[in-house]
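A.B. asks: The structure under discussion is supplied below as structure tokens; questions concerning it will follow.
The values are calculated or read from the model by the stated rules, or taken from the named source; none is laboratory data. Keep in mind that what you see is a predicted model, and the values were worked out from it rather than measured. We place every Cβ from the backbone using ideal geometry, glycine too, and count neighbours over all the protein chains shown. Note: areas computed on protein heavy atoms with side chains; ligands, DNA, RNA excluded. Shrake-Rupley method; radii C 1.70, N 1.55, O 1.52, S 1.80 Å.
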Amino acid sequence: MIIGPLLMLGLFIFPLWNITLEAPQYPIPLGMDIHINKFTDVHEFDMKNINLMNHYVGMKYIPETIPEFTIFPIVIGVMVVIGVLIGIFANYKWFLVWFVLMSVLGIAGIYDFYLWEYDYGHNLDPKAIMNFKNPDGSPMGFQPPLFGTKHILNFVAHSYPRMGAYLMIVGMSLTVVAFFLGKKEARKKMN
């Protein structure tokens, strides 16, 4: 139970997510890593190039910071401390409580990410240099996929977890393992 939450400290070092854009005009794909407290280029100037390209279709610039970059590190830090304290002092049943709470927070984070992507890809400037329309005449959206690969005009957008997310998943899984081991140990003591 103690190791699981401590693995989540990897979120402060490694990216949580990555979005990569492939296109014929970019022999080296453009990409950005999403950390719990910042966006970073995969290659130098990638975000600058993404912002310049997106400007033509009316997308907002990717900001240097968003409110979540203040909230997420605090939430992760608090959950790590709570998880370690539960591992040291609490009954094994609390291991599952921690896992459920962390799962709810994770789902809320994924939903927030989806809303950010949706707004970013659909709330376009009507005065943009280029206006693309769907067959029904509605404005075309440029939302990258939440997870997976998606074709957007001549781009192929990829959106996948990175090391920080994998460490979080492994850490959370360890807390479930700790719960079942604790439950098994408690049954042995009862017999």
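A.B. asks: With Ile110, Ile82, Ile88, Ile129 as the choices, which residue is under 30 Å from Gln143 (Cβ atoms), in a helix (DSSP H, G or I) and aliphatic (A, V, I, L, M)? First the steps, then the outcome.
C.D. replies: Working: Ile82 fails: under 30 Å from Gln143 (Cβ atoms); Ile88 fails: under 30 Å from Gln143 (Cβ atoms); Ile129 fails: in a helix (DSSP H, G or I).
Result: Ile110 is the single residue among Ile110, Ile82, Ile88, Ile129 that is under 30 Å from Gln143 (Cβ atoms), in a helix (DSSP H, G or I) and aliphatic (A, V, I, L, M).
A.B. asks: Could you check, for segment 57-75, whether at least one of its residues is over 23 Å from Ala108 (Cα atoms), among the aromatic types (Phe, Trp, Tyr) and over 21 Å from the mean Cα position of the chain (by Cα)?
C.D. replies: The answer is no; no qualifying residue exists.
A.B. asks: Consider Glu117 carefully, then state whether it is charged (D, E, K, R) and either touching a Ser or Thr at 6+ places or on another chain (Cβ under 8 Å) or in a helix (DSSP H, G or I) (or both).
C.D. replies: Values: charged (D, E, K, R): yes; either touching a Ser or Thr at 6+ places or on another chain (Cβ under 8 Å) or in a helix (DSSP H, G or I) (or both): yes.
Considered against the rule, which asks whether it is charged (D, E, K, R) and either touching a Ser or Thr at 6+ places or on another chain (Cβ under 8 Å) or in a helix (DSSP H, G or I) (or both), Glu117 comes out as yes.
A.B. asks: Here's a follow-up. Can you find a residue that is more than 30 Å from Thr175 (Cα to Cα), assigned to a loop (DSSP other than H, G, I, E, B) and open to solvent by 80 Å² or more (accessible area, probe 1.4 Å) anywhere in segment 2-21?
C.D. replies: no
A.B. asks: Have a look at Leu153, Leu167, Leu105, Leu96 and point out the one that is touching a helix residue (DSSP H, G or I) at 6+ places or on another chain (Cβ under 9 Å) and either open to solvent by 80 Å² or more (accessible area, probe 1.4 Å) or polar (S, T, N, Q) (or both).
C.D. replies: Numbers: Leu167 fails: either open to solvent by 80 Å² or more (accessible area, probe 1.4 Å) or polar (S, T, N, Q) (or both); Leu105 fails: either open to solvent by 80 Å² or more (accessible area, probe 1.4 Å) or polar (S, T, N, Q) (or both); Leu96 fails: either open to solvent by 80 Å² or more (accessible area, probe 1.4 Å) or polar (S, T, N, Q) (or both).
Every option except Leu153 fails the conditions.
A.B. asks: Among the residues of segment 172-179, are any in a loop (DSSP other than H, G, I, E, B) and either among the polar types (S, T, N, Q) or in contact with a strand residue (DSSP E or B) (Cβ under 7 Å, 6 or more places away or on another chain) (or both)?
C.D. replies: Residues of segment 172-179 that are in a loop (DSSP other than H, G, I, E, B), as a first pass: none.
No, every residue in segment 172-179 fails to be in a loop (DSSP other than H, G, I, E, B) and either among the polar types (S, T, N, Q) or in contact with a strand residue (DSSP E or B) (Cβ under 7 Å, 6 or more places away or on another chain) (or both).
A.B. asks: Considering only residues of segment 45-81 that are charged (D, E, K, R) and either in contact with a strand residue (DSSP E or B) (Cβ under 9 Å, 6 or more places away or on another chain) or under 21 Å from Phe12 (Cα atoms) (or both), which is surrounded by the most Cβ atoms within 10 Å (Cβ to Cβ)? Reasoning before the result, please.
C.D. replies: Start the filter on segment 45-81 by keeping residues that are charged (D, E, K, R), which leaves 46, 48, 60, 64, 68.
Filter once more, so that each one left must be either in contact with a strand residue (DSSP E or B) (Cβ under 9 Å, 6 or more places away or on another chain) or under 21 Å from Phe12 (Cα atoms) (or both): 46, 48, 64, 68.
Values: Asp46: 21, Lys48: 13, Glu64: 9, Glu68: 16.
It comes out as Asp46.
A.B. asks: For segment 82-110, which residues satisfy the criterion of being closer than 30 Å to Ala186 by Cα, under 21 Å from the mean Cα position of the chain (by Cα) and free of Cβ contacts under 8 Å to residues at least 60 places away in the same chain?
C.D. replies: Passing the criteria: Val100, Leu101, Val104, Leu105.
A.B. asks: Let me ask something else about it. Quick one: Gly137 ticks every box in (1) exposed (fewer than 15 other Cβ atoms within 10 Å of the Cβ); (2) on the phi < 0 side of the Ramachandran plot bar one, so which box is it?
C.D. replies: Condition (2) is where Gly137 drops out.
A.B. asks: Confirm whether Ile110 is β-branched (Val, Ile, Thr) and open to solvent by 80 Å² or more (accessible area, probe 1.4 Å). Reasoning before the result, please.
C.D. replies: Values: β-branched (Val, Ile, Thr): yes; open to solvent by 80 Å² or more (accessible area, probe 1.4 Å): yes.
Yes; evaluated as a whole, the condition is true for this residue.
A.B. asks: Can you name the residue in segment 32-50 that is within 18 Å of Met163 (Cβ to Cβ) and among the hydrophobic types (A, V, I, L, M, F, W, C) and, of all such residues, is farthest from the chain's Cα centre (by Cα)?
C.D. replies: Out of the qualifying residues, it is Val42.
A.B. asks: While we're on this one: Can you tell me how many residues within segment 50-71 are in a helix (DSSP H, G or I) and touching a His at 6+ places or on another chain (Cβ under 9 Å)? Outline the logic, then answer.
C.D. replies: Initially, segment 50-71 is screened for residues in a helix (DSSP H, G or I), giving 50-57, 68-71.
From what is left, the residues that are touching a His at 6+ places or on another chain (Cβ under 9 Å) are 69.
Of the residues in segment 50-71, 1 are in a helix (DSSP H, G or I) and touching a His at 6+ places or on another chain (Cβ under 9 Å).
A.B. asks: If Ser138 passes every condition in (1) among the small types (Gly, Ala, Ser); (2) more than 30 Å from Ile28 (Cα to Cα); (3) at pLDDT 95 or above but one, which one does it miss?
C.D. replies: (3)
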